[in-house]
Amino acid sequence: LVDLPGYGFANAPEKARKMWALFTREYLLERENLLSVMLLIDSTIPPQKLDLECLDFLGENDIPVTIVFTKVDKRRKAKAGKRAKPEENVENFCREVSEFWEEMPPMIFTSAKTG
């Protein structure tokens, strides 16, 4: 199990983030014994461009991936006072992914409370 640095939110200089991105790309493409990638997606926020691009990269390179939606039972306060609905974010993510994937990768849903 490897947690790759700099993916998603990283409070680091642009140069460091670019180096991490290059390292991650090379790691994923050259790691012969890589069985699968577990791509963690925060279900409390709308689909993120970076996550969609990463999933597209994995698919284009035939790298096995499982999507892990985190915090499916948690609601964040939205700007207008409404609470964001994780199920809507998951549905929107899947809709966007289905545009470039014939079949959805396996998915796992995790709880912010119980794991």
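The values are calculated or read from the model by the stated rules, or taken from the named source; none is laboratory data. Note that the coordinates shown come from a computational prediction; the quantities given were computed from them, not determined experimentally. When we count neighbours, we look across all protein chains shown, and the Cβ atoms used for this are built from the backbone with ideal geometry, even at glycine. The accessibility values were calculated without ligands, DNA or RNA, using every heavy atom of the protein model including side chains. Shrake-Rupley method; radii C 1.70, N 1.55, O 1.52, S 1.80 Å.
Descriptive notes on the structure:
- In Å², nearest 10: area of D62 left accessible to a 1.4 Å probe: 130 Å²
- Among C54, V2, A16 - extreme Cα towards positive end, dipole of the chain, charges at beta-carbon: A16
- For the chain, the longest principal axis of the C-alpha atoms and the axis of helix 49-60 are separated by about 50°.
- Crossing angle, helix 86-98 versus the chain [Cα axis fit, 0-90 degrees, rounded to tens]: 40 degrees
- Accessible surface area normalised per residue over the chain is 72 Å², counting heavy atoms of protein chains with a 1.4 Å rolling probe.
- Of all accessible heavy-atom area on the chain, the percent that carbon and sulfur account for (1.4 Å): 53 percent
- Of all beta bridges that DSSP places with both ends in the chain, some 10 percent have antiparallel geometry.
- With R₀ fixed at 35 Å, the C-beta to C-beta distance from K85 to D3 puts the FRET efficiency at about 0.80.
- The packing ranking of peptides 30-38, 42-50, highest mean first, is 42-50, 30-38, where packing means the average number of other beta carbon atoms within 10 angstrom of each residue.
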